[in-house]
Amino acid sequence: MTKFPDVFGTTQEYRNKVLKKGYIDIQKIRPKDVVDVEDDRQWLPDFTQVFAIINITGTQSDYDSILLMANQRLVKCRLSPNQLVKRLDRQFLLHPKNDVGNVAKSIGITRHVPYCCGDFLLVPVGSKAASNNSWVRLSTGGELWEHDGKKSLVNYPTTGVLRIPHGKGAIAGRRSKCFQILAYYFYVALAILTTIELDLGEISVKKLRKISQGKDDHFREGILRELLE
């Protein structure tokens, strides 16, 4: 495994520990280890820059998540992992429950349901604490995995190395679920793809995302209304 590049946003003591061990153990990191904070409950990261959401709910802290960012920064925030995941549709087209969750259910995936949208794959890891999981990215285009029994190290080059409490089989199972969901969307897209020439000037991914936010049961009806106006 490549040497840990560096880590920012932590105490010097924790930074030294990480550089010595070569990884961040998602089960052992504590709120006090991270000094960079986001106190605004309305704050959201750029999720494309998030490589892990580490669950720290139930630690008697004012903060519920620690994020590993692409710039090697760790930051703790007040939103729980569940709250962060539920807000993914503010930056991606697919709603985590109404879209990805329903697709997963329809193809028989009921446990460890990931979030998949395009190349962004996020999977739950670790045991639940206060009804929350930690989450890590898969298939980021370069991460390296080392498996040792029921533990694994994932190296996101230039970002960081995480120790995950799962072995090779568990990670492979989570990756398989992502690929099943992506394959479903791929074949649906092929099935409904039209050869009719369309004027796409009035509709965009940004507009579709805006329609989808907060629609829940009326999501698709909202899209249809916008398209027909």
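Filtered by the rule that a residue be surrounded by fewer than 21 Cβ atoms within 10 Å (Cβ to Cβ) and of a type in the set (Lys, Arg), the stretch 121-147 gives a lone residue, Lys128.
Note on the stretch 62-78: residues that are touching a helix residue (DSSP H, G or I) at 6+ places or on another chain (Cβ under 9 Å) and crowded, with 21+ Cβ neighbours inside 10 Å amount to 7. Evaluate the stretch 90-108: report whether one residue or more is in the same structural domain as Val18 (by TED's automatic domain parsing) and closer than 19 Å to Ile24 by Cα. No, the conditions are met nowhere in the stretch 90-108.
Would you confirm whether or not the stretch 102-120 contains a residue that is part of a strand (DSSP E or B), surrounded by fewer than 20 Cβ atoms within 10 Å (Cβ to Cβ) and either touching a strand residue (DSSP E or B) at 6+ places or on another chain (Cβ under 6 Å) or without any contact (Cβ under 8 Å) to a residue 24 or more places away in the chain (or both)?
The answer is no; no qualifying residue exists.
Given the criteria out of contact with any Pro (no Cβ under 7 Å at 6 or more places or on another chain) and charged (D, E, K, R), does Asp89 qualify? For Asp89, the condition - out of contact with any Pro (no Cβ under 7 Å at 6 or more places or on another chain) and charged (D, E, K, R) - is not met.
Checking each residue in the stretch 104-121 for being closer than 27 Å to Gly142 by Cα and not small (Gly, Ala, Ser) picks out Ile109, Arg111, His112, Val113, Pro114, Tyr115, Cys116, Cys117, Asp119, Phe120, Leu121.
For the stretch 122-137, indicate whether the set of residues that are out of contact with any Ser or Thr (no Cβ under 9 Å at 6 or more places or on another chain) and on the phi > 0 side of the Ramachandran plot is non-empty. There is no residue in the stretch 122-137 that is out of contact with any Ser or Thr (no Cβ under 9 Å at 6 or more places or on another chain) and on the phi > 0 side of the Ramachandran plot.
Could you tell me whether the stretch 27-48 includes any residue that is of a type outside the set (A, V, I, L, M), touching an Asp or Glu at 6+ places or on another chain (Cβ under 7 Å), in a loop (DSSP other than H, G, I, E, B) and closer than 25 Å to Phe92 by Cβ?
No, the stretch 27-48 has no match at all.
The values are calculated or read from the model by the stated rules, or taken from the named source; none is laboratory data. Worth saying up front: this structure is predicted, and the values here are computed from it rather than measured. Here Cβ is always computed from backbone atoms with ideal geometry, including for glycine, and neighbour counts include all displayed protein chains.
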